[in-house]
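Okay, structure first, notes after.
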Amino acid sequence: MTSIAADTSGQGTILVVDDEPDILVALEDLFENDFRVLSTTSPVEALAMLETEPDIAVIVSDQRMPEMSGDEFLARAREKSEAESILLTGYADLKAVIGAVNKGRIMAYMPKPWDPAVLSSMVTSAYDRRMLARELDMERALLRGLMESTEDLISFKDLDGRFVRLNSSKAKNFGLPAVSCIGRKESEFVDAERAAAIREAEHAAVLAQAPAERLEEFATPDGATQWHLVHRIPILDEGGSVATIATIERDVTERKMMEMRLRQADKMQALGTLAGGIAHDFNNLLMAVLGSLDLASRRAPDDPRLNRLLQNATYAAERGASLTQRLLSFSRQRDLTLRAVDVNDVIRDMNDLLMRTLGGVIRIQRTLAEGLWPAMVDPDQLELAILNLCINARDAMPESGLISLSTRNASVGEGQIAELGAGDYVVIAVADEGSGIPTEILNRVLEPFFTTKEVGKGTGLGLPMVYGLAQQSGGTVTIASTVDAGTLVEVYLARTAADDAEPQAETQAEGAPATRVRILLVDDDSEVRSVTAAYLTEMGHRVVEAQDGATALDVLRTDQPIDLLIADFAMPGMTGFDLALKAREHRAGLGILLVTGYADPEKMPDGFPLLHKPFGRGDLAAKVNEVAAALAIVSDT
């Protein structure tokens, strides 16, 4: 016999099992006002009902039944359901009750005949207990799902700092399963300094009885630096005292690194602006110094001491010019000549230079990959970058050592290397066996002017220059270092097609010019103008000087013959570019050569040849002859 009482919305479900139909009806009558009652005279059928009715909260079963005893039935029911169980027995069978408690985990038993009020109260209590257990199970499931579905590190600790609960992400940090961490303190898994910092932060949160947030930086066992944004939340008991501390940690290392790179980019941009602002005046100064020294050395008597002094002064001025170019290079303000380059050829051609520069105590091992892709880069700046990296490697090994210089092709996936998009790259690697770079300063070595060398032995521009070159060439720089083991610097350059190579312009010798021309020279700096005019006059050209654009236009408005205009790009009032445009309005066939001590490549106009200050006599002669040849200027002599 099986029966189901009418379902009333909101009522809980109970199952009544008794082999006597009359008793079953009496039990149904007792509970039907408060519960949805399922009933059966067969324990076997009752087991089947438990599989189809998951909402059964309480089972009330008789002990003595022909198919199986009540304690056996409840034990089997426990395998299918978490419902609370109550055993009814018509005689005092203590052994059966004990069996039901042990196997069926009954919460109570009731002898027959039962007291209706007591039995009803007992079933209600059992139902309430099951509902509470269900709620707790749901809360646990939700909490477990929340804790395990997030990458955040979540843990709960008692006031002594012992883990009460933690998710697998947190336990993974310790290399253990979560269950192995319960009851243990975090100080067992971290170094003493971090343990002390954690205790201090937890103590502060307990005292404040309010959530606290802080950014924590620490070193991992492999020496890397990590940043975690940590929320500590004191959980209060009913008395208002802190009972547990919940901790939620989010790994923000990637975001922090992005912020640091952004700050680095801001520094580079600011320094680039500064460098650009001073480069024009500084290069004008160097132009005047170098030009005057060159002219003086040509006219000086044959005095070895005087010549040595002039050479020393020239060398010092050239160092200043090199420093300015390095500033502009790493700050992305130098106009690089990017073309397809065989990096292996550049390295092979540097053999003598490296041997002379690095000295005999340093050995160089080259491993150049066969079939290396061409890279898009300025070959002259690449040579300087490789030289800088090798010098840094030598300085890290003051006694002796081995520098490994290698190349390879690399296909990089999206997000695999910071600041590098997916694609093909040519990699230049320079490794040493030196002192290495401490972790705390490794992130600063690309900062302009940051150096670990003694005063006077390093400008802090070597690595930033390499970094700037790599970025302008569509790549980046990565650095890995271990103290007392060495450093590896890898320069990534964008791959390009071999047929993208641009032909090299041949430099005209310093001798007699191919053509003597009439030149209008315009520069607001009188010293630079004087040196440039002297150079041009020595070459056999006729020179007319002007100090600004307005004066130059007045000259062009006259009948005075002018073949070539040489104008400084940055002049007050009227720039060299503006002057060139106005000059072409007056004389359409006029040759134009712009000269600059500094110009942002992105802002430079197209269509006009450009010569960078400070320049030598040979550079000037080559450019003048190039412009004259392009315009087919006819000599006046």
When (1) β-branched (Val, Ile, Thr); (2) modelled with pLDDT under 85; (3) surrounded by fewer than 17 Cβ atoms within 10 Å (Cβ to Cβ) are applied to THR367, the one that fails is (2)
Just checking, does the stretch 159-166 include any residue being touching a Leu at 6+ places or on another chain (Cβ under 6 Å) and modelled with pLDDT of 80 or more?
no
Please work out which one of (1) more than 19 Å from ASP251 (Cβ to Cβ); (2) not hydrophobic (A, V, I, L, M, F, W, C); (3) not in a strand (DSSP E or B) is the condition PRO234 fails and give its number.
(3)
List every residue pair whose Cβ atoms lie under 9 Å apart, where the two residues are 6 or more positions apart in sequence or sit on different chains, the first residue falls within the stretch 412-423 and is farther than 16 Å from ARG495 by Cβ, and the second residue, located anywhere, is among the acidic types (Asp, Glu).
ALA418/GLU254
Pairs needed: first member in the stretch 155-172, more than 17 Å from VAL230 (Cβ to Cβ); second member anywhere, of a type in the set (Asp, Glu) and assigned to a loop (DSSP other than H, G, I, E, B); C-beta distance under 6 Å; at least 6 residues apart or different chains.
VAL164/ASP158
Considering residues that are acidic (Asp, Glu), surrounded by 14 or more Cβ atoms within 10 Å (Cβ to Cβ) and at pLDDT 80 or above, the number found within the stretch 295-353 is 1
Considering the stretch 163-175 alone, what residues qualify as being surrounded by 14 or more Cβ atoms within 10 Å (Cβ to Cβ) and not in a helix (DSSP H, G or I)?
PHE163, VAL164, ARG165, LEU166, ASN167, PHE174
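The rows are residues; the columns are (1) surrounded by 19 or more Cβ atoms within 10 Å (Cβ to Cβ); (2) within 20 Å of the chain's Cα centre (by Cα); (3) modelled with pLDDT under 65.
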{"residue": "GLY460", "(1), (2), (3)": "no, no, yes"}
{"residue": "LEU463", "(1), (2), (3)": "yes, yes, no"}
{"residue": "VAL466", "(1), (2), (3)": "yes, yes, no"}
{"residue": "GLY475", "(1), (2), (3)": "yes, yes, no"}
{"residue": "ASP484", "(1), (2), (3)": "no, no, no"}
{"residue": "LEU493", "(1), (2), (3)": "yes, yes, no"}
{"residue": "ALA498", "(1), (2), (3)": "no, no, yes"}
{"residue": "ALA501", "(1), (2), (3)": "no, no, yes"}
{"residue": "THR507", "(1), (2), (3)": "no, no, yes"}
Is it the case that the stretch 388-411 has a residue that's under 30 Å from ARG255 (Cβ atoms) and part of a strand (DSSP E or B)?
yes
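Determine, yes or no, whether PHE174 is among the aromatic types (Phe, Trp, Tyr) and at pLDDT 90 or above.
no
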Listed by first then second residue, the pairs whose first member lies in the stretch 297-313 and is in a helix (DSSP H, G or I), whose partner is surrounded by 10 or more Cβ atoms within 10 Å (Cβ to Cβ) and at pLDDT below 75, with beta carbons under 8 Å and at least 6 positions apart or on separate chains, are LEU306/ALA300; ASN307/ALA300; LEU310/ALA300
Where the second residue is of a type in the set (Ser, Thr, Tyr) and modelled with pLDDT of 85 or more and the first is assigned by TED's automatic domain parsing to the domain that holds GLU538 and over 19 Å from TYR315 (Cα atoms) and lies in the stretch 610-631, which pairs have Cβ atoms under 9 Å and are six or more apart or on separate chains?
LEU620/THR532; LEU620/TYR535; ALA621/TYR535
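Could you please give the count of residues in the stretch 537-562 that are under 18 Å from SER297 (Cβ atoms), assigned to a helix (DSSP H, G or I) and of a type outside the set (Asp, Glu)?
The initial filter retains those residues of the stretch 537-562 that are under 18 Å from SER297 (Cβ atoms), namely 537-539.
This time we only want the ones that are assigned to a helix (DSSP H, G or I), so: 537-538.
Next cut, of a type outside the set (Asp, Glu) only: 537.
The total comes to 1.
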Go through the stretch 29-55 and count every residue that is crowded, with 16+ Cβ neighbours inside 10 Å and either touching a residue at least 60 places away in the same chain (Cβ under 8 Å) or in contact with a Lys or Arg (Cβ under 9 Å, 6 or more places away or on another chain) (or both).
6
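Name every residue in the stretch 524-553 that is over 15 Å from LEU620 (Cα atoms) and either touching a helix residue (DSSP H, G or I) at 6+ places or on another chain (Cβ under 8 Å) or crowded, with 21+ Cβ neighbours inside 10 Å (or both), in order of residue number. Quick ask: steps written out before the conclusion?
Just the residues of the stretch 524-553 that are over 15 Å from LEU620 (Cα atoms), to begin with: 524-527, 544-553.
Those that are over 15 Å from LEU620 (Cα atoms) and either touching a helix residue (DSSP H, G or I) at 6+ places or on another chain (Cβ under 8 Å) or crowded, with 21+ Cβ neighbours inside 10 Å (or both): ASP525, GLU527, VAL544, GLU545, ALA546, GLN547, GLY549, ALA552, LEU553.
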Among (1) part of a loop (DSSP other than H, G, I, E, B); (2) surrounded by 12 or more Cβ atoms within 10 Å (Cβ to Cβ), the one test that ARG261 misses
(1)
Within the stretch 109-132, work out how many residues are surrounded by 16 or more Cβ atoms within 10 Å (Cβ to Cβ), over 60 Å from the mean Cα position of the chain (by Cα) and not hydroxyl-bearing (Ser, Thr, Tyr).
5
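The values are calculated or read from the model by the stated rules, or taken from the named source; none is laboratory data. Fair warning: this is a prediction, and the values are worked out from it, not measured in the lab. We place every Cβ from the backbone using ideal geometry, glycine too, and count neighbours over all the protein chains shown.
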